Amino acid sequence: MTRIRKLNCFDIPKLKKLISYLGSAEEGEQFLKALFNEPFGLVHSILPLKYRFLSESYILLDDKEILALITVEPTIGNPYKINITRLVFQNNLYEAGKQLIDFVISRFSAKGATSFSVSVDECHDELLKLFIDGCGFRQCASETLWKVENFEKTNEKTSGFRPFDNSDSKQVCKLYNGELETIYKPALERIKQEFQDPILGGHTKFYKNRYVLEEPVKNRIIGYLSITTTDNINFIIDFLTNNGYEVAYDDIIKYAISEIDRRRSVYYPFIKQKNYTKNTEQLGKYLHEKGYQPIQTQLILVKNFYRPIKSTENALQVFMFGENSKIITNSNFKISE
């Protein structure tokens, strides 16, 4: 008989067996460490949804054997938006993955969640079929990561940028929502709290630096830049500018690279292209002209309504959603003075 429950520390031996096909022993250990590195897990699980900020994992068991695992986490600043970040199930147990997706949707919607989202690599056709045809998600938009190589650095200081402050969240939110293409706004609009630093930010699984670019005369924010890393090696550069202003992409990237370079001597930078903003075509053209290579495109799937799950078949085995924490495997690319 199968049952679903929250993951706990006593599941480690069984989970090691489930993920034994991940690859190297090091990758398996990192996977387990990420799963069990959740402080205050017991206290966190009994909090009302509006106070939750950590990821939570659930497993599907048949007797004492773990058949599948799913991890979800609330959006920082808006815990009513739930993100599915990890899905693992035994070979060919497609139905097990579907049951866990259905479970977390039912569980969190009952607690007040208003939407669910997941980012899936565009090449995973079977996984897309699971979420869309089987679980009622819809394809909303996409994001592409571009690998930055041979970026020419200078010692010139780029003016206008300053560190982000929580008091900027209202303006940044207005900038972000204003730059969304209209068809994407219902699903992708954000509230200002989603741009504010969390109170317990030290417990997040990533490190992020953020900056704003101001129009000199009116002190109006016309650009927003974030630099995110989960391992201090791979850095994702994500920026947004007001399409009513001409802001040089070279200057933005130069500033981002200089900020990373102040902290690290060896690192791998990537640029995120949000394919749902007004400037996305202009940015894509710039990246092509610079010779940067797109290495990953992920489709954003959302579900903000509920309907019965349909029958599907076939599946992949292990999926970790969002930007890969270890994108570079064999590269000699180095940025340093």
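Neighbouring Cβ atoms within 10 Å as the yardstick, rank R220, R262 fewest first. Please list the in-between numbers first.
Values: R220 14, R262 7.
Ascending Cβ contact count within 10 Å gives the list R262, R220.
Among 130-142, 54-66, how do they line up by average Cβ neighbours within 10 Å per residue, starting with the highest?
Details: 130-142: 19.5, 54-66: 17.2.
Most protected by this proxy first, the peptides run 130-142, 54-66.
Run the dipole for the stretch 146-296 about the Cα centre, Lys and Arg Cβ at +1, Asp and Glu Cβ at -1, nothing else charged, and hand back the magnitude in debye, nearest 20. Don't jump to the answer; show the numbers that get you there.
Values: 23 positive and 21 negative charges, 64 e Å.
For the stretch 146-296, the charge dipole is close to 300 debye.
For the stretch 146-296, with the dipole built from +1 on Lys and Arg beta-carbon atoms and -1 on Asp and Glu ones, taken about the Cα centre, which of G284, Q193, P216 lies farthest toward the positive end?
Q193
Per-residue HN-Hα couplings for the stretch 227-240, Karplus 6.51 cos²θ - 1.76 cosθ + 1.60 at θ = phi - 60°, whole Hz, x for Gly and Pro?
My calculation for the stretch 227-240 gives 10, 10, 9, 10, 9, 6, 10, 9, 10, 9, 9, 10, 9, 9 Hz in order.
So, counting K/R as plus one and D/E as minus one, what does the shell of residues with Cβ under 10 Å around Y245 add up to?
Details: positive: R220; negative: E215, E246.
Net charge around Y245: -1.
Let me check against my output: what whole-number percent is the relative contact order of the stretch 146-296, with C-alpha pairs under 8 Å and at least 6 apart? Don't skip to the answer; put the middle values down first.
Working: 200 pairs, mean separation 45.7, N = 151.
It comes to 30 percent, rounded to a whole number.
How much length, in nm to one decimal, is gained on full extension between S106 and Q139, taken as 0.36 nm per residue of separation minus their Cα-Cα distance?
Numbers: separation 33, 0.36 × 33 = 11.88 nm, distance 2.02 nm.
Residue separation times 0.36 nm, minus the Cα-Cα distance, leaves 9.9 nm.
At 7 Å along the Cα-to-beta-carbon direction for both V43 and D261, put a label point, then send me their distance in nm to one decimal.
With each label point 7 Å from Cα toward Cβ, the separation is 4.3 nm.
Compute the label zone of C123 within the stretch 282-306: residues whose backbone N is under 14 Å from the point 7 Å along Cα-to-Cβ.
294-299
Under a point spin-label approximation (7 Å from Cα along Cα-to-Cβ), what is the S167-T297 distance to one decimal in nm?
Rounded to a tenth, the inter-label distance reads 4.3 nm.
Which of rounded, prolate, oblate describes the stretch 146-296, given a ≥ b ≥ c as roots of the alpha-carbon gyration tensor eigenvalues and a/c under 1.5 marking rounded, otherwise prolate only if a/b is larger than b/c?
On the way: a/c = 1.31, a/b = 1.15, b/c = 1.14.
It comes out rounded by the Cα gyration axes.
By how many nm would the segment from S115 to N232 grow when fully extended, if each residue of separation counts as 0.36 nm and the alpha-carbon distance is taken off? Could you put the intermediate results ahead of the total?
Details: separation 117, 0.36 × 117 = 42.12 nm, distance 3.09 nm.
Net length gain for the segment: 39.0 nm.
Each reported figure results from applying straightforward, stated rules to the coordinates on display, with no laboratory input. Keep in mind it's a predicted model, so treat the numbers as computed, not measured. Note that we place each Cβ from the backbone using ideal geometry, even for glycine, and neighbour counts take in every protein chain shown.
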